[in-house]
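A short write-up of the structure that comes next.
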Amino acid sequence: MTVNPREASARLAAWLERAHGVTFRFGTPVNGIQLPHIETKDEKWKVDNVYVCSGYDFETLYPEVFAAAPLTRCKLQMLRTVPQPDGWKLGPALVTGMSMLHYASFAHCKGLEAVKQRVEATLPEYVKYGIHLMVTQNGAGELSLGDSHEYGWEVDPFDKEHISDLILRYINTFLHAPALDIQERWHGIYPKLTNGGHDLVLRPAPGVTIVNGLGGAGMTLSFGLARDVTAGE
Ligand SMILES: Cc1cc2nc3c(=O)[nH]c(=O)nc-3n(C[C@H](O)[C@H](O)[C@H](O)COP(=O)(O)OP(=O)(O)OC[C@H]3O[C@@H](n4cnc5c(N)ncnc54)[C@H](O)[C@@H]3O)c2cc1C
């Protein structure tokens with residue numbers, strides 16, 4: 001299933017508010033946790049349990065715990081085309097052989113080593129920047145193209161046009177869409193575990209749970225993980 005994160009996140013929050021009475025405070029960092037209280041800029045809340053899901057912000061809450069955890073950051077560059085004309089439909093999401101090297105779900109495939117050797121020999125620049133090619137279409141008819149993966153605690157604010165060129169060059173070898181004009185380029189960042197794990201669940205203090213480290217699969221896995229982590233509470 002493909003969802004448009006810009007729509008899905010907002011609609012999920014609205015549904016949680018409406019159907020489950022969840023109270024949201026947007027644009028409001030939590031500055032301190034001393035149970036039974038959490039503090040923001042202008043409020044103090046009394047709570048029973050806290051789940052710290054602070055993404056790649058390792059510095060604000062429990063910085064010493066994050067510094068000791070097997071985590072790094074991953075920067076991804078992506079591009080989005082203009083809406084495709086005349087209602088043109090891509091159909092299912094497209095990926096290439098390089099994606100099979102990226103996702104652990106393909107690790108058991110017998111032919112994977114041969115694919116790896118071929119990609120390393122013929123596309124070294126793609127390996128260097130962790131590029132694998134994916135194309136999806138959103139409800140507005142735009143195509144999202146991506147992405148690259150550069151790892152490190154420090155994230156370079158400057159995007160590399162070379163990476164965009166590599167992405168577009170390869171996309172052009174297998175996708176014939178009517179309009180590949182780019183209207184948006186951006187980068188995203190997610191935390192990535194360095195020990196090969198799928199998630200990081202830590203309890204730095206009684207009643208406090210850190211949930212992090214879902215890497216590039218958090219939109220997919222977080223619903224199940226949330227159910228498991230909160231089971232029994
Ligand atoms: C370019 C890109 C493409 C991706 N594609 C996919 C995909 O196709 N499929 C998939 O499953 N996953 C995908 N992911 C991964 C997915 O987005 C992440 O795994 C997921 O967003 C992690 O969720 P999270 O809630 O842990 O952290 P985040 O989504 O990073 O959210 C953390 C939030 O906490 C807030 N915060 C931080 N500190 C504080 C504080 N002190 N007080 C209050 N708030 C705070 C931040 O502002 C942020 O809003 C992609 C990620 C990127 C960057």
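Every read-out reported here was derived from the displayed coordinates using simple, explicitly stated rules and does not represent laboratory data. Remember, it's a predicted structure, so these values are computed and weren't measured experimentally. So basically every Cβ, Gly included, is an ideal-geometry build from the backbone, and we count neighbours across all protein chains shown.
What dipole magnitude, in Debye to the nearest 20, does segment 1-115 give about its Cα centre under +1 on Lys/Arg Cβ and -1 on Asp/Glu Cβ?
In total the dipole reaches around 340 debye.
Is there a pair in K128/K160; K75/K160; K110/K192; K75/K128 whose C-alpha atoms are over 22 Å apart, and which pairs would that be?
From K128/K160; K75/K160; K110/K192; K75/K128, over 22 Å: K110/K192.
In cubic angstrom, how much convex hull volume per residue do the alpha carbon atoms of segment 120-215 span?
Convex hull of Cα atoms, per residue: 158 Å³.
Sort 27-34, 189-196 by packing, meaning the average of other beta carbons within 10 Å per residue, with the highest value first.
Top of the packing list down: 189-196, 27-34.
Mean 1/r over all different Cα pairs, inverted: what Kirkwood radius does segment 46-93 give, in Å?
Hydrodynamic radius (Kirkwood, Cα pairs) of segment 46-93 is 15.5 Å.
Starting from a Cα-only point model with no solvent, please compute log10 I(q)/I(0) by Debye for the chain at q = 0.17 1/Å.
Debye intensities relative to I(0), on a log10 scale: -1.39.
Using only the alpha-carbon atoms, how far is helix 161-174 inclined from the longest principal axis of the chain? Give it as 0 to 90 degrees, nearest 10.
Relative to the chain, helix 161-174 is tipped by roughly 60 degrees.
Nearest 500 deg cm²/dmol is fine: what mean residue ellipticity at 222 nm does the chain get from its DSSP H runs of n ≥ 4 alone, each adding -39,500 (n - 2.57), divided by its residue count?
That calculation yields -9000 deg cm²/dmol at 222 nm.
With charges set only on the Cβ (+1 for Lys and Arg, -1 for Asp and Glu), what does the dipole of segment 77-233 come to about its Cα centre, in debye to the nearest 20?
440
How do the peptides 117-127, 96-106 rank, highest first, by the average count of neighbouring beta carbon atoms within 10 Å per residue?
Sorting 117-127, 96-106 by mean packing, highest first, produces 96-106, 117-127.
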